[in-house]
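What follows is calculated from the coordinates using simple rules that are stated; it is not laboratory data. Predicted model, so just to flag it, every value in this text is computed and none were measured.
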Amino acid sequence: MDLSVVQGFTKSLAMTVLSEIGDKTFFAAAILAMRHPRRLVLSGCLGALIVMTILSAVVGWAAPNMISRKWTHHVTTLLFLGFGFWSLWDAFNGGETEELAEVEKELNADVKVNGGETTKNDKDSDKLKKQSRPFLAQFFSPILLKAFSITFFGEWGDKSQLATIGLAADENPLGVVLGGILGQALCTTAAVLGGKSLAKQISEKIVALSSGVLFIVFGIQSFLATVEP
């Protein structure tokens, strides 16, 4: 396999995993999976993230063709360094700690002690409705579309999307897409299978520190790299 594809894949995979753990879309997938069938939530969330990853990579790939490669390289370097210091700032100032509460408020999710019965009733109702609908209607259900739209628009303009654009402008787009999709699949599956409890066990500070260091390393590497005309 082409070395540039491997390099883009590795960078994209590491960046995606560290950026998405504890992110808004991570918690959104976790909360939706508590209220609705996991298969539909996983399909909707993952579908949105795959589309977003491909769109971001296409934008990043096209950028050097519209703007000077030298300028896109410099912008990418600044982007990585900026996101790196942003993540370090969050790590030391608790910027990530409000994510779960904010997402729960936005989704009006009742997943505490008093909401357990409601969640069960919702799932039972979903199963009864599913049995009375044709296969395609089951798959393209309001739940799947809700998961897709919440994830897609929640990810739009997010740090990970902008970083993917920058990475695709500097690395092999195919590797960036493959690494990004695998990273999104791992994070989304983890979120759907038990993201809320998993997020509580993982130190948000460690994740933010790790992603900050990773972005800064990418930025330094980009700064030292030779720009091809």
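For segment 82-88, what does the Karplus curve 6.51 cos²θ - 1.76 cosθ + 1.60, with θ = phi - 60°, yield as ³J(HN,Hα) per residue in whole Hz, taken in order and with x for Gly and Pro?
Along segment 82-88, the couplings run x, 5, x, 5, 4, 5, 5 Hz.
Explain nothing, just compute: Karplus ³J(HN,Hα) = 6.51 cos²θ - 1.76 cosθ + 1.60, θ = phi - 60°, for every residue of segment 211-224 in order, whole Hz, x for Gly and Pro.
Here the 3J(HN,Hα) series is 5, x, 5, 4, 4, 5, 4, 4, x, 5, 4, 5, 5, 7 Hz.
Output the pairs from K159/K205; K11/K205; K70/K205; K11/K70 with a Cα-Cα distance over 28 Å in this structure; if there are none, say none. All intermediate terms of the calculation are to be shown ahead of the outcome.
Values: K159/K205 17 Å; K11/K205 21 Å; K70/K205 35 Å; K11/K70 21 Å.
Exceeds cut-off: K70/K205.
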